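A.B. asks: Let me give you the structure first, and then I'll get to my questions.
The values are calculated or read from the model by the stated rules, or taken from the named source; none is laboratory data. Treat the numbers as computed from the prediction; the structure is a model and nothing was measured. Using ideal geometry, Cβ is built from the backbone for each residue, glycine included, and neighbour counts are taken over all protein chains shown. Please note that ligands, DNA and RNA were not included when accessible areas were found on the heavy atoms of the full protein model with its side chains. Shrake-Rupley method; radii C 1.70, N 1.55, O 1.52, S 1.80 Å.
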2 protein chains.
Amino acid sequence: MRAPDELRALIEGYLHTLDLSADLGELRDSMRYSLEGGGKRIRPVLCLATAEALGCEPERVLPAAAALELVHSFSLVHDDLPALDDDAVRRGRPSAHIQWGEDVAILAGDALFGEAVRLALSYPSPAVARELVAATQGMIGGQYLDVNGGAELEELHRLKTGCLFVAAIGLALEVVELPAPEQAPWRAFAAELGLLFQLVDDLLDRDGYVLVHGVEETRRLADEAAARAQSLLAGIDAGTSVLEGITESLVSRTS
Amino acid sequence: MRAPDELRALIEGYLHTLDLSADLGELRDSMRYSLEGGGKRIRPVLCLATAEALGCEPERVLPAAAALELVHSFSLVHDDLPALDDDAVRRGRPSAHIQWGEDVAILAGDALFGEAVRLALSYPSPAVARELVAATQGMIGGQYLDVNGGAELEELHRLKTGCLFVAAIGLALEVVELPAPEQAPWRAFAAELGLLFQLVDDLLDRDGYVLVHGVEETRRLADEAAARAQSLLAGIDAGTSVLEGITESLVSRTS
């Protein structure tokens, strides 16, 4: 079983040498800028770790894991635009529209989404791409609730953060073709992990849940989500030790 | 064989009752606004006519034809944005960002692309979605050349207009699973049709080719593209009479 850092190196290497559609021409430079800007790669690492827990070579899920990271990158590029969050800085560097102009950033986001689907379509079964696109539509629905206001925090986060976390696990399940009835505990685990990630995010940023429930209550909710995630993992007959470690590290992360 | 107007009614009806992902919530209102704003539906009509020419019920290609129209609609919504063409009016109505705000228009475009892929993924073979996404990436590459300037007109139009025209035919070929060696004349026909469409567009708008080559030369180029298209059709052993009529009508269109 490879440690999370080894899996992270695997996805970094794959993303670094990824061939993007030639028809995109120099737009690819702006896509690579956003894609290679660092980040924790938590979603693709989860995808690779899930595959390995199920006895599958992580390499086999690399295209699916990368596809998910491209969707995440696309969502950040569009989210940072002046009409949305208007963020000029992303991971310590100028955000895409500052670096390349707003027109190029819009097209780069579109093209990152397209390349993500192209990667997911490299598998013989369309189930992998279906999983990716359903999650992306959920994430976009979450962005819409966010800009529109008024939504319940739980629903907002289930869509905006949760969908891509569930897909991180779900894509691996589809690549290894785990029968649907066996997928339920995995997907329940993924949903708890997404909630945990968001709760800790809010604790670190002092917003979201913290503004509604306060720090102590948010910390308690995070610990409960982590406990449920670990309990679900314990009930799954697979090599889940790396996923247990990732869950633990999400509870205590400081960035 | 159904006439183009009957095929257009078919696609209009399908688009009008199309179920969009529930996770998108009220964002679906803005998507429907752009999708139901009229237009000639030339791409989906071509797709349906190609299927019928090959002896396939047009209904079988409706999801693929609709997917292509959704991609076209997504491209218009993003194209109209202030950072790109900055068009306040689309088909006689306020464009999406005027009607719904720039943030919603960006997300609606993203979600239209996602729904398009979802429709293309309703087929058992991933080849349909692969065709759609490859064309979309070409189209985005064309938009990039357009905002960036300096590209050859032929390459710009091959990507920006041609790719979706080739996909209009190509999607039907993939749905009916026409063997690859038999696809070549169909795809060559589609490329000529895309060129013809763009040349007539430039004649009507007095830009593009007309600014470079003048009216008479552009008209001559259009007539030549139409002749090549008809000649390619004549060499295909299928019921191509409706496609011949569509090609003829593209030469003489006035809007």
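A.B. asks: What pairs come out if I take residues in region B:71-85 that are over 13 Å from A:H78 (Cβ atoms) and pair them with residues that are among the acidic types (D, E) and not in a loop (DSSP other than H, G, I, E, B) whose C-beta lies under 7 Å away, six or more apart or interchain?
C.D. replies: These pairs meet every condition: B:P82/B:E102; B:L84/A:D103; B:D85/B:D79.
A.B. asks: When region B:114-130 is examined, which residues are found to be crowded, with 24+ Cβ neighbours inside 10 Å and either within 13 Å of the chain's Cα centre (by Cα) or modelled with pLDDT under 95 (or both)?
C.D. replies: Within region B:114-130, B:A116 is the sole residue that qualifies.
For (1) within 14 Å of another protein chain (Cβ to nearest Cβ); (2) under 14 Å from B:T50 (Cα atoms), each residue gets a yes or a no:
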| residue | (1), (2) |
| --- | --- |
| B:E131 | yes, no |
| B:T136 | yes, no |
| B:E174 | yes, yes |
| B:A180 | no, no |
| B:P185 | no, yes |
| B:Q198 | no, no |
| B:Y209 | no, no |
| B:H213 | no, no |
| B:E217 | no, no |
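A.B. asks: While we're on this one: Between a first residue in region B:21-44 that is over 27 Å from A:H157 (Cα atoms) and a second residue that is at pLDDT below 95 and part of a loop (DSSP other than H, G, I, E, B), which pairs have beta carbons less than 9 Å apart while being 6 or more apart in sequence or on different chains?
C.D. replies: B:G37/B:R91; B:G37/B:G92; B:G38/B:R91; B:G38/B:G92; B:G39/B:R91; B:K40/B:R253; B:K40/B:S255
A.B. asks: Within region B:29-44, which residues are open to solvent by less than 60 Å² (accessible area, probe 1.4 Å) and of a type in the set (D, E, K, R)? Full working, then the answer.
C.D. replies: First pass over region B:29-44, keeping only residues open to solvent by less than 60 Å² (accessible area, probe 1.4 Å): B:30-31, B:33-35, B:37-39, B:41-44.
If the condition is that a residue be open to solvent by less than 60 Å² (accessible area, probe 1.4 Å) and of a type in the set (D, E, K, R), then B:R41, B:R43 are the ones that fit.
A.B. asks: Same structure, new question: Examine region B:11-27 for a residue that is among the charged types (D, E, K, R), buried (at least 23 other Cβ atoms within 10 Å of the Cβ) and over 21 Å from A:V133 (Cβ atoms), and state whether such a residue exists. First the steps, then the outcome.
C.D. replies: Taking region B:11-27 as the starting set, the residues that turn out to be among the charged types (D, E, K, R) are B:12, B:19, B:23, B:26.
Okay, now just the ones that are also buried (at least 23 other Cβ atoms within 10 Å of the Cβ), so B:23.
With the extra rule that they be over 21 Å from A:V133 (Cβ atoms), the set shrinks to none.
Checked region B:11-27: no residue is among the charged types (D, E, K, R), buried (at least 23 other Cβ atoms within 10 Å of the Cβ) and over 21 Å from A:V133 (Cβ atoms).
A.B. asks: Looking only at region A:67-98, which residues are of a type in the set (A, V, I, L, M, F, W, C), open to solvent by less than 60 Å² (accessible area, probe 1.4 Å) and away from every other protein chain (no Cβ under 13 Å)? Outline the logic, then answer.
C.D. replies: Quick first cut of region A:67-98, residues of a type in the set (A, V, I, L, M, F, W, C) only: A:67-68, A:70-71, A:74, A:76-77, A:81, A:83-84, A:88-89, A:96, A:98.
Next cut, open to solvent by less than 60 Å² (accessible area, probe 1.4 Å) only: A:67-68, A:70-71, A:74, A:76-77, A:81, A:83-84, A:88, A:96.
Once the filter is applied, which keeps residues that are of a type in the set (A, V, I, L, M, F, W, C), open to solvent by less than 60 Å² (accessible area, probe 1.4 Å) and away from every other protein chain (no Cβ under 13 Å), region A:67-98 yields A:L68, A:A88.
A.B. asks: I'd like to check something: does region A:29-44 contain any residue that is within 14 Å of A:L112 (Cα to Cα), of a type in the set (D, E) and away from chain B (no Cβ under 14 Å)?
C.D. replies: Checked against the condition, which is being within 14 Å of A:L112 (Cα to Cα), of a type in the set (D, E) and away from chain B (no Cβ under 14 Å), region A:29-44 yields at least one hit.
A.B. asks: Go through region B:128-146 and give me each residue that's in contact with a Leu (Cβ under 9 Å, 6 or more places away or on another chain), within 24 Å of B:P179 (Cα to Cα) and either of a type outside the set (S, T, N, Q) or not in a helix (DSSP H, G or I) (or both).
C.D. replies: B:V128, B:A129, B:R130, B:E131, B:L132, B:V133, B:A135, B:G138, listed by residue number.
A.B. asks: Take A:A135 and tell me if it is more than 30 Å from B:S75 (Cβ to Cβ) and either surrounded by fewer than 22 Cβ atoms within 10 Å (Cβ to Cβ) or among the small types (G, A, S) (or both). Before you say what the answer is, go through the steps one by one.
C.D. replies: Working: more than 30 Å from B:S75 (Cβ to Cβ): no; either surrounded by fewer than 22 Cβ atoms within 10 Å (Cβ to Cβ) or among the small types (G, A, S) (or both): yes.
Against the criterion (more than 30 Å from B:S75 (Cβ to Cβ) and either surrounded by fewer than 22 Cβ atoms within 10 Å (Cβ to Cβ) or among the small types (G, A, S) (or both)), A:A135 does not qualify.
A.B. asks: Of all residues in region A:45-66, count the ones that are open to solvent by 10 Å² or more (accessible area, probe 1.4 Å), within 17 Å of the chain's Cα centre (by Cα) and touching a residue at least 60 places away in the same chain (Cβ under 8 Å).
C.D. replies: Result for region A:45-66: 1.
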